[in-house]
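Data block below; observations after.
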Amino acid sequence: MLNAGFAAISVLNETDAGFFDHMMNADVRGPILQMATLAEMLNPGASVVLTSSTSAYEGAPMASVYAVTKGAMISMARCWAPALGERDIRVNVLAPSPIDTDFRNLMSDDFRNQFEADVIGRLPLRRDESADEAAAVALFLSLKGLEVASCSCYEADKAIYALTMA
């Protein structure tokens, strides 16, 4: 499981090179260099799960740099899957919906309320995802017998919705 980085928000006209570089170094550079180091150590049949976020395609204006980093994770998986697939190594992406973490403590009360009404209000279950729910999807992606699944992005919010509806 490659899960590196942090989240921060910034208005477009206040985003500077330092903010951009700091987030890209943690959220993109870190996983690339980690995978470059670990790739040769993976056994045939291994499963790699990268963590992205539904932020990659939500279009939240204040999360544009964060969204770019999470979109990069999806692109990396699509590039790595065929390369590692030659050794029967699967690469998939887990894109959870918002999980209530300390990240929201960085938001003003007004912004947090707006975020929760807008982003969480668009989710199928209209609630935060729990860390345990996201972990269950990651575990599923790592199971033996799921060798056919590679080069895919699994939106945990829809997976949770599908499991609830079953």
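The values are calculated or read from the model by the stated rules, or taken from the named source; none is laboratory data. Quick caveat: nothing in here was measured; it's all calculated off a predicted structure. Every residue, glycine as well, gets a Cβ built from its backbone with ideal geometry; the counts of neighbours run over all protein chains shown.
Taking the listed residues Gly59, Gly85, Gly5, Gly18, the one that is surrounded by fewer than 17 Cβ atoms within 10 Å (Cβ to Cβ) and either farther than 20 Å from Leu106 by Cα or touching a residue at least 12 places away in the same chain (Cβ under 8 Å) (or both) is Gly85, with no other qualifying. The residues of segment 105-120 that are closer than 14 Å to Ser55 by Cα and free of Cβ contacts under 8 Å to residues at least 24 places away in the same chain, listed by number, are Glu116, Ile120. Apart from one condition, Asp102 fits all of (1) in contact (Cβ under 8 Å) with a residue 60 or more places away in the chain; (2) over 25 Å from Gly145 (Cβ atoms); the exception is (1).
When restricted to residues that are closer than 29 Å to Met35 by Cβ and among the hydroxyl-bearing types (Ser, Thr, Tyr), segment 93-124 contains 2. For segment 40-56, the candidate set comprises residues that are under 19 Å from Leu94 (Cα atoms) and of a type in the set (A, V, I, L, M, F, W, C); within that set, the residue that is surrounded by the most Cβ atoms within 10 Å (Cβ to Cβ) is Leu50.
Is one or more of the residues making up segment 37-44 touching a Pro at 6+ places or on another chain (Cβ under 9 Å), in contact (Cβ under 8 Å) with a residue 24 or more places away in the chain and under 15 Å from Ala83 (Cβ atoms)? Give the steps one after another, and end with the answer.
Within segment 37-44, the first condition is being touching a Pro at 6+ places or on another chain (Cβ under 9 Å), and the residues that meet it are none.
Taking every residue of segment 37-44 in turn, none turns out to be touching a Pro at 6+ places or on another chain (Cβ under 9 Å), in contact (Cβ under 8 Å) with a residue 24 or more places away in the chain and under 15 Å from Ala83 (Cβ atoms).
Among the residues of segment 103-150, which ones are at pLDDT 75 or above, assigned to a loop (DSSP other than H, G, I, E, B) and surrounded by 13 or more Cβ atoms within 10 Å (Cβ to Cβ)? Scanning segment 103-150 gives Arg127, Asp128, Ser130, Ser150. Note on segment 1-63: enclosed helices (runs of 4 or more DSSP H) holding 2 or more residues that are at pLDDT below 90 are 55-58. Please verify whether segment 73-89 includes one or more residues that are under 13 Å from the mean Cα position of the chain (by Cα), within 23 Å of Leu141 (Cβ to Cβ) and at pLDDT below 80. Checked segment 73-89: no residue is under 13 Å from the mean Cα position of the chain (by Cα), within 23 Å of Leu141 (Cβ to Cβ) and at pLDDT below 80.
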